[in-house]
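The values are calculated or read from the model by the stated rules, or taken from the named source; none is laboratory data. Worth saying up front: this structure is predicted, and the values here are computed from it rather than measured. So basically every Cβ, Gly included, is an ideal-geometry build from the backbone, and we count neighbours across all protein chains shown. Note: areas computed on protein heavy atoms with side chains; ligands, DNA, RNA excluded. Shrake-Rupley method; radii C 1.70, N 1.55, O 1.52, S 1.80 Å.
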Amino acid sequence: MLQRMSSYFARTLREDPVEAEVDSHKLLVRAGYIRRAAPGIYTWLPLGLRVLRNIENVVREEMDRIGGQELQFPVLLPREPYEATNRWEEFGSSLFKLQDRKGGDYLLGPTHEEMFTVIVKDLFSSYKDLPILLYQIKEKYRDEARPRAGVIRGREFVMKDLYSFDLTDEGLAHSYALNRGAYRRVYTRLGLEFAICQAQSGAMGGSASEEFLFPCDIGEDTFVRSPGGYAANAEAVTTAVPEALPFDDAPAPEVLPTPDSTTIESLVAKANELYPRKDRPWRAEDTLKNVVVVAEEPDGHSEVIVVGVPGNREVDMKRLEAALAPAEVRMAEPEDMKAFPQLVPGYIGPQVIGPNSPLRSVDPDGVMSGSPKYLLDPRVVPGTRWITGANEAGKHVFNLVAGRDFEADGTVEAAEVLPGDPAPDGSGPLTLARGIEIGHIFALGRKYAKALGLTVLDENGKAQVVTMGSYGIGVSRLVAAIAENTHDDKGLVWPVNVAPFQVHVLATGKDPQVFAAAEKLARELEAAGIPVLYDDRAKASAGVKFKDAELMGMPYLLVVGKGLANGTVEIRDRRAGNTLDCTVEAAVEKLLGFIRCELEKTALERTSTELIGEPDQFELDQENGGAIQTSNS
Ligand code: ATP
Ligand code: MG
């Protein structure tokens with residue numbers, strides 16, 4: 001049925017929604033694609049739903065092509081499998097939990113490793129049944145601490161999640177490679193650039209994991225690239241550790257007055273003013289900054305931790321949180337500091353913390369008290385010398401030597417990564433960029449199968465634990481990522497294979513013949529299989545119609561107006577920004593040609609290796625417990 005603007009359930013807004021910060025969010029709301037139902041929870045209006053379905057279909061085709069079989073779990077899930085893997089607790093406050101009338105516990109699925117494992121266990125028992133790839137495209141629920149940017153970070157969102165089940169490590173490597181290739185095809189077909197980045201596996205666990213990031217300034221993730229092709233999420237970057245230095249000749253530590261020096265900047269200035277070095281000025285990287293944080297475990301237990309980093313770097317809370325997962329981390333408040341009077345804000349030094357602290361005591365339950373845990377940046381190797389707090393207001397200690405004068409309970413990757421840092425692959429300096437995580441693949445290994453008892457009998461009749469992978473695509477997030485990628489200052493601009501309608505037919509003016517001709521063209525296009533939106537509104541001015549059409553973002557506009565008297569209409573290509581006059585008779589054929597040409601570029605058949613390069617090379621690294629080594633393109 002021809003969709004007419006006069007009766008279509010869409011209203012455009014002239015004003016940006018107050019809570020919207022990023023363009024895709026503003027435009028999707030203003031153009032009538034989504035509507036906020038509650039914080040981080042959105043209703044898909046007809047236009048938005050059509051885009052979501054189009055993206056789903058691209059994802060579905062690629063999953064089916066690698067042999068994935070689609071199924072669907074209920075929204076409401078039982079507690080038991082999540083209890084068995086400990087994730088009922090580990091997910092912490094991001095899990096939506098609820099009870100039925102009998103007091104039975106349920107949850108809204110945040111991710112479905114458990115459910116897939118259990119169903120394969122229910123139905124399969126032999127190695128002959130493997131390998132298998134199962135997936136669903138389904139709402140996920142996570143009570144995100146900071147829902148953001150519309151559907152980019154929602155509390156309800158649509159994910160494609162596929163799970164692979166194999167008997168052997170080689171089998172898992174093959175399944176992983178298949179999925180990785182399918183992901184490349186999906187994003188290529190959706191017109192999105194992507195960087196494949198090494199990732200932290202976080203609450204998922206497992207050995208190898210990579211994220212697909214769409215490079216974009218409004219992205220929440222920071223990722224790095226090296227000249228040699230290494231790419232990683234900043235969370236997963238490992239610091240190049242310098243060699244330890246001898247310290248036998250190092251001078252003794254010296255406590256010196258440094259009034260009003262509670263920041264690194266003021267401390268460096270004060271040190272240069274009062275205690276100048278002979279060879280060069282003091283610099284921020286000569287200082288050791290100690291930041292107090294609180295790590296809250298999912299079970300509610302919380303711990304105060306001091307993190308030591310070179311003073312020229314901030315503590316990157318995302319890196320710290322990734323390192324301490326599943327704990328959630330926040331900066332310490334004055335209230336948290338009350339238990340540790342030896343720590344003087346602005347003048348904290350490691351002399352009174354760490355394993356050798358005179359204040360360290362262990363109570364009978366094995367819980368540390370008296371001194372918080374101390375975690376150090378890996379660069380602070382034995383022999384390095386530091387200016388740091390003297391744990392006395394207005395004083396710092398100079399020449400405090402790591403390994404001689406203080407020790408830590410461990411190291412932590414928490415310092416921010418800076419452009420120019422040496423790349424772990426040794427190929428040169430790192431560059432940094434921001435991106436939106438649009439997919440994440442994990443070689444899980446046997447963790448979930450073990451926890452839930454998923455075994456099959458092998459050729460010799462012996463029970464073997466199955467090895468798994470899990471592969472997620474943020475389908476609803478992709479709606480916004482594509483909108484970010486292609487919009488312009490007038491509104492949304494959809495790629496043809498994603499657009500809710502491929503042609504927006506506009507009848508302008510008041511002449512009934514114009515409306516009749518426009519409707520006829522719209523019907524012809526529709527009969528040829530093209531989804532069409534027809535602006536038939538009698539009372540809206542041409543200006544209003546153009547504005548709405550530009551905001552809504554269909555790739556082609558077909559304008560029927562004054563030119564009709566001379567037998568011509570106008571085709572506008574929204575993306576190229578050009579206009580073409582053509583005869584009424586030629587219009588449909590012209591449009592069909594343009595659309596066919598565009599669709600061919602992104603069709604299933606075209607996106608073989610031809611479009612995305614050679615298949616990925618994979619090797620198994622047995623020493624690493626079967627971790628998959630990937631050679632990035
Ligand atoms: P993030 O780091 O962005 O919170 P995640 O690593 O927790 O994401 P995964 O568990 O890897 O997410 O989920 C797979 C995919 O689902 C992600 O790559 C992302 O595209 C999408 N996704 C995750 N959380 C959300 C969300 N809150 N809203 C929309 N999409 C999401
Ligand atoms: Mg992820």
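Scan the stretch 100-119 and report the pairs whose first residue is hydrophobic (A, V, I, L, M, F, W, C) and whose second residue is open to solvent by 40 Å² or more (accessible area, probe 1.4 Å), with Cβ atoms within less than 7 Å and a gap of 6+ or a chain change.
Qualifying pairs under 7 Å: LEU107/ARG79; LEU107/PHE96; LEU107/LYS97; LEU108/VAL75; LEU108/LEU76; LEU108/PHE96.
Look at the stretch 71-80 and say how many of its residues are surrounded by 14 or more Cβ atoms within 10 Å (Cβ to Cβ) and not in a loop (DSSP other than H, G, I, E, B).
2
If I ask for residues that are within 21 Å of GLU550 (Cβ to Cβ) and surrounded by fewer than 20 Cβ atoms within 10 Å (Cβ to Cβ), which ones from the stretch 28-44 would you list? Step through it out loud before you land on a result.
Step one: of the stretch 28-44, the residues within 21 Å of GLU550 (Cβ to Cβ) are 28-35.
Within the stretch 28-44, just ARG35 meets the criteria.
Looking at LEU192, LEU213, which one is part of a loop (DSSP other than H, G, I, E, B) and buried (at least 20 other Cβ atoms within 10 Å of the Cβ)?
Sole residue among the options that is part of a loop (DSSP other than H, G, I, E, B) and buried (at least 20 other Cβ atoms within 10 Å of the Cβ): LEU192.
Could we say that GLU526 is buried (at least 16 other Cβ atoms within 10 Å of the Cβ), touching a residue at least 12 places away in the same chain (Cβ under 8 Å) and in a helix (DSSP H, G or I) here? Before you say what the answer is, go through the steps one by one.
On the way: buried (at least 16 other Cβ atoms within 10 Å of the Cβ): yes; touching a residue at least 12 places away in the same chain (Cβ under 8 Å): yes; in a helix (DSSP H, G or I): yes.
Taking the combined requirement at face value, the residue satisfies it.
On the basis of being more than 13 Å from ligand 1 (Cβ to nearest atom), over 16 Å from LEU192 (Cα atoms) and of a type outside the set (Phe, Trp, Tyr), does GLU484 make the cut?
Values: more than 13 Å from ligand 1 (Cβ to nearest atom): yes; over 16 Å from LEU192 (Cα atoms): no; of a type outside the set (Phe, Trp, Tyr): yes.
No; evaluated as a whole, the condition is false for this residue.
Restricting to strands (runs of 3 or more DSSP E) lying wholly in the stretch 81-186: which have 2 or more residues that are of a type in the set (Asp, Glu)?
On the way: elements: 97-99, 105-108, 132-141, 156-166.
So the answer is 156-166.
Out of all the residues in the stretch 141-178, which are within 15 Å of ligand 2 (Cβ to nearest atom) and of a type in the set (Gly, Ala, Ser)?
Answer for the stretch 141-178, where residues must be within 15 Å of ligand 2 (Cβ to nearest atom) and of a type in the set (Gly, Ala, Ser): just GLY154.
Hey, can you tell me all the residues within the stretch 318-350 that are charged (D, E, K, R) and either surrounded by 19 or more Cβ atoms within 10 Å (Cβ to Cβ) or without any contact (Cβ under 8 Å) to a residue 60 or more places away in the chain (or both)?
Just the residues of the stretch 318-350 that are charged (D, E, K, R), to begin with: 318-319, 321, 328, 330, 333, 335-336, 338.
Within the stretch 318-350, ARG319, GLU321, ARG330, GLU333, GLU335, ASP336, LYS338 qualify.
To keep it simple, each residue is scored yes or no on (1) open to solvent by 80 Å² or more (accessible area, probe 1.4 Å); (2) of a type in the set (D, E, K, R); (3) free of Cβ contacts under 8 Å to residues at least 24 places away in the same chain; (4) not in a loop (DSSP other than H, G, I, E, B).
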residue	(1), (2), (3), (4)
ALA565	yes, no, yes, yes
ILE571	no, no, yes, yes
ALA576	no, no, yes, no
ASP581	yes, yes, yes, yes
GLU585	yes, yes, yes, yes
LEU591	no, no, no, yes
ILE595	no, no, no, yes
GLU600	yes, yes, yes, yes
LEU604	no, no, no, no
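Would you mind telling me which numbered condition in (1) at pLDDT 95 or above; (2) open to solvent by 50 Å² or more (accessible area, probe 1.4 Å) LEU558 fails?
Status for LEU558: all satisfied but (2).
Identify, please: which residue in the stretch 442-479 is away from ligand 2 (no atom under 16 Å from the Cβ) and small (Gly, Ala, Ser) and is, among those, farthest from the chain's Cα centre (by Cα)? Spell out how you get there, then give the answer.
Within the stretch 442-479, the first condition is being away from ligand 2 (no atom under 16 Å from the Cβ), and the residues that meet it are 445-468, 479.
This time we only want the ones that are small (Gly, Ala, Ser), so: 445, 449, 451, 453, 461, 463.
Values: GLY445: 22, ALA449: 26, ALA451: 27, GLY453: 31, GLY461: 42, ALA463: 37 Å.
My answer is GLY461.
Any idea which of GLY509, GLY461 is assigned by the TED database to the domain that holds LEU557, assigned to a loop (DSSP other than H, G, I, E, B) and surrounded by fewer than 23 Cβ atoms within 10 Å (Cβ to Cβ)?
Numbers: GLY461 fails: assigned by the TED database to the domain that holds LEU557.
Testing whether each residue is assigned by the TED database to the domain that holds LEU557, assigned to a loop (DSSP other than H, G, I, E, B) and surrounded by fewer than 23 Cβ atoms within 10 Å (Cβ to Cβ) leaves just GLY509.
Going through the stretch 418-441 one residue at a time, which ones are closer than 29 Å to VAL294 by Cβ, over 18 Å from the mean Cα position of the chain (by Cα) and of a type in the set (D, E, K, R)?
ASP421
Can we say ASP249 is more than 42 Å from the chain's Cα centre (by Cα), away from ligand 1 (no atom under 13 Å from the Cβ) and of a type in the set (D, E, K, R)?
Working: more than 42 Å from the chain's Cα centre (by Cα): yes; away from ligand 1 (no atom under 13 Å from the Cβ): yes; of a type in the set (D, E, K, R): yes.
For ASP249, the condition - more than 42 Å from the chain's Cα centre (by Cα), away from ligand 1 (no atom under 13 Å from the Cβ) and of a type in the set (D, E, K, R) - is met.
Only one of these conditions is not met by GLU113: (1) away from ligand 2 (no atom under 16 Å from the Cβ); (2) open to solvent by less than 50 Å² (accessible area, probe 1.4 Å). Which number is it?
The failed condition is (1).
For the stretch 484-506, which positions are assigned to a strand (DSSP E or B) and of a type in the set (Val, Ile, Thr)?
Residues of the stretch 484-506 assigned to a strand (DSSP E or B): 488, 491, 503-506.
Answer for the stretch 484-506, where residues must be assigned to a strand (DSSP E or B) and of a type in the set (Val, Ile, Thr): VAL503, VAL505.
List pairs: first residue in the stretch 239-264 and farther than 10 Å from HIS396 by Cα, second residue of a type in the set (Ser, Thr, Tyr) anywhere in the structure, Cβ distance under 6 angstrom, at least six positions apart or on different chains.
ILE264/THR287
Out of all the residues in the stretch 409-417, is one or more charged (D, E, K, R), under 24 Å from the mean Cα position of the chain (by Cα), assigned to a loop (DSSP other than H, G, I, E, B) and farther than 25 Å from GLY553 by Cα? Working first, answer last.
Step one: filter the stretch 409-417 for residues charged (D, E, K, R), giving 409, 413, 416.
Pick out the ones that are also under 24 Å from the mean Cα position of the chain (by Cα) and you get 413, 416.
Filter once more, so that each one left must be assigned to a loop (DSSP other than H, G, I, E, B): 413, 416.
From the residues that got through so far, the ones that are farther than 25 Å from GLY553 by Cα too are 413, 416.
Checked against the condition, which is being charged (D, E, K, R), under 24 Å from the mean Cα position of the chain (by Cα), assigned to a loop (DSSP other than H, G, I, E, B) and farther than 25 Å from GLY553 by Cα, the stretch 409-417 yields at least one hit.
Could you list, ordered by first residue, the pairs with Cβ atoms under 7 Å in which the first is in the stretch 139-157 and over 16 Å from ASP221 (Cβ atoms) and free of Cβ contacts under 8 Å to residues at least 40 places away in the same chain and the second is near ligand 1 (Cβ under 8 Å from one of its atoms) and open to solvent by 20 Å² or more (accessible area, probe 1.4 Å), at least 6 apart or interchain?
Sorted first by the residue in the stretch 139-157, then by its partner, the pairs are LYS140/PHE157; LYS140/MET159.
Looking at (1) away from ligand 2 (no atom under 16 Å from the Cβ); (2) over 19 Å from ARG477 (Cβ atoms); (3) open to solvent by 30 Å² or more (accessible area, probe 1.4 Å); (4) in contact (Cβ under 8 Å) with a residue 24 or more places away in the chain, which is the one condition that is false for GLU90?
(1)
Restrict the check to the stretch 264-274 and report whether at least one residue is open to solvent by 50 Å² or more (accessible area, probe 1.4 Å) and assigned to a loop (DSSP other than H, G, I, E, B).
no
State all residues of the stretch 373-408 that are part of a loop (DSSP other than H, G, I, E, B) and of a type outside the set (A, V, I, L, M); if no residue qualifies, say none.
Filtering the stretch 373-408 down to residues part of a loop (DSSP other than H, G, I, E, B) leaves 377-384, 393-394, 403-405, 407-408.
Result: ASP377, PRO378, ARG379, PRO382, GLY383, THR384, GLY394, GLY403, ARG404, ASP405, GLU407.
Looking at the stretch 150-170 only, could you name the residues that are at pLDDT 95 or above and small (Gly, Ala, Ser)?
GLY154, SER164
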